[in-house]
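Student: Take this structure first; my questions come after.
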Amino acid sequence: GQLADAYLAAERYEDAITEYTAILTTGKADELAHFGRARANQALAHADAAKLDTASLNAAAADFQAVVDIAKGGEMAHVDPMLNAAYYGLGAIALEENDLVGAIEQLSAAIAIKRSDADALNLLGTAYVRNGEPAKAIQPLRLAIAFVPIGWSEPYATLAQAYGDTGDPARAAWATAMADLSEKSYESAETGLLAILDGPAALEATIGLALVNEMRGDTPAAAEWYEKALVLDPQNAEARLGMTRVTLPGASGEGVTP
């Protein structure tokens, strides 16, 4: 098992698959071996950037499903991290294969085990948007960015599409600006946020401007924007946390960790 894990870490996927398969022939540690082999096959499927290896992807799905079949009846299934990861793997593969209903089902199961799974929340929102259900995408995408507010542009970009498709241009513009901020395009982000400051997304824009200044290292300006956000919503957790960061002794910017 340690050798298989070492091969996987070294990106020697075929060797890892061989070792995990050898473990499975013993009839012991089946869950761990299926999970490891699934990860190896999933990585092998994408090893060639120019071509997806569908056979390896299908093999990964089969092993993730084997993990689910073993673990879902367990006493601790509702908090089992490996079961959560297996559902996530199945959801990611289903989304990649454009099985949107299947992706939604599997990713929802992953989130039921770990509600803070930002990756699963992001993919669930993506699946809803692609399935023509943008209104259902908004909550999981907002939760994903609540857990990872900066340094990850993908959920913001998808959220912008969801808001656009549901007729909320102000929040679509906010999400677009935040995607720019996550890519460290500070000027573009600031311009986009200032343009919607007096509209229905005023709170989001104000917190966004605080984050722009915090990431630039201008903590006094960031504190001013967080203070304005707290005027709009005194109980806003994001603004209160941001204010704490920028007013701590020695605060000097770059306080938001991706």
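Student: State whether the residues of the range 129-144 include one that is within 28 Å of GLU31 (Cβ to Cβ), assigned to a helix (DSSP H, G or I), aliphatic (A, V, I, L, M) and out of contact with any Gly (no Cβ under 9 Å at 6 or more places or on another chain).
Tutor: To start, the set of residues in the range 129-144 that are within 28 Å of GLU31 (Cβ to Cβ) comprises 140, 144.
With assigned to a helix (DSSP H, G or I) added as a condition, the list becomes 140, 144.
Cutting the leftovers down to aliphatic (A, V, I, L, M) gives us 144.
Narrowing further to those that are out of contact with any Gly (no Cβ under 9 Å at 6 or more places or on another chain): none.
Scanning the range 129-144, I find no residue that is within 28 Å of GLU31 (Cβ to Cβ), assigned to a helix (DSSP H, G or I), aliphatic (A, V, I, L, M) and out of contact with any Gly (no Cβ under 9 Å at 6 or more places or on another chain), so the answer is no.
Student: Please work out which residue is nearest to ASN122 (Cα to Cα), limiting yourself to the range 151-196 and to residues that are surrounded by fewer than 20 Cβ atoms within 10 Å (Cβ to Cβ) and among the acidic types (Asp, Glu).
Tutor: It comes out as GLU154.
Student: Moving on to the next point. Mind listing just one residue for me: the one in the range 102-124 that is assigned to a loop (DSSP other than H, G, I, E, B) and of a type outside the set (Ser, Thr, Tyr) and, of those, nearest to ILE70 (Cα to Cα)? It would help to see each step written out before you state the result.
Tutor: Taking the range 102-124 as the starting set, the residues that turn out to be assigned to a loop (DSSP other than H, G, I, E, B) are 114-117.
The next check asks that each one be of a type outside the set (Ser, Thr, Tyr); those that pass are 114-115, 117.
Numbers: LYS114: 18, ARG115: 22, ASP117: 22 Å.
If we take residues in the range 102-124 being assigned to a loop (DSSP other than H, G, I, E, B) and of a type outside the set (Ser, Thr, Tyr), then LYS114 is nearest to ILE70 (Cα to Cα).
Student: Just to verify a result, which residue in the range 204-241, among those that are of a type in the set (A, V, I, L, M) and over 23 Å from the mean Cα position of the chain (by Cα), is nearest to ALA175 (Cα to Cα)?
Tutor: Initially, the range 204-241 is screened for residues of a type in the set (A, V, I, L, M), giving 205, 207, 209-212, 215, 221-223, 229-232, 237, 239, 241.
When the remaining residues are screened for being over 23 Å from the mean Cα position of the chain (by Cα), the result is 221-223, 229-232.
Working: ALA221: 21, ALA222: 19, ALA223: 22, ALA229: 17, LEU230: 20, VAL231: 22, LEU232: 19 Å.
By that ranking, first place goes to ALA229.
Student: For LYS228, which of the numbered conditions (1) open to solvent by 80 Å² or more (accessible area, probe 1.4 Å); (2) under 19 Å from TYR186 (Cα atoms); (3) modelled with pLDDT of 95 or more fails to hold?
Tutor: Status for LYS228: all satisfied but (2).
Student: Further, regarding this structure: Looking at the range 1-101, what helices (runs of 4 or more DSSP H) fall wholly within it and have at least 3 residues that are under 20 Å from the mean Cα position of the chain (by Cα) and without any contact (Cβ under 8 Å) to a residue 60 or more places away in the chain? Full working, then the answer.
Tutor: Details: elements: 2-9, 13-26, 30-45, 54-71, 81-96.
Where helices (runs of 4 or more DSSP H) fall fully within the range 1-101 and carry at least 3 residues being under 20 Å from the mean Cα position of the chain (by Cα) and without any contact (Cβ under 8 Å) to a residue 60 or more places away in the chain, they are 30-45, 81-96.
Student: If we scan the range 115-136, do we find a residue that is among the charged types (D, E, K, R), surrounded by fewer than 19 Cβ atoms within 10 Å (Cβ to Cβ) and touching a residue at least 40 places away in the same chain (Cβ under 8 Å)?
Tutor: No, that holds for no residue.
Student: While we're looking at this one, here's another question. Among (1) on the phi > 0 side of the Ramachandran plot; (2) buried (at least 24 other Cβ atoms within 10 Å of the Cβ), there is one condition ALA205 misses while meeting the rest; what is its number?
Tutor: (1)
The values are calculated or read from the model by the stated rules, or taken from the named source; none is laboratory data. These numbers were taken from a predicted model, which means no experiment stands behind them. Cβ: placed from backbone, ideal geometry, glycine included. Neighbour counts: every protein chain shown. With ligands, DNA and RNA removed, areas are computed over all heavy atoms of the protein, side chains included. Shrake-Rupley method; radii C 1.70, N 1.55, O 1.52, S 1.80 Å.
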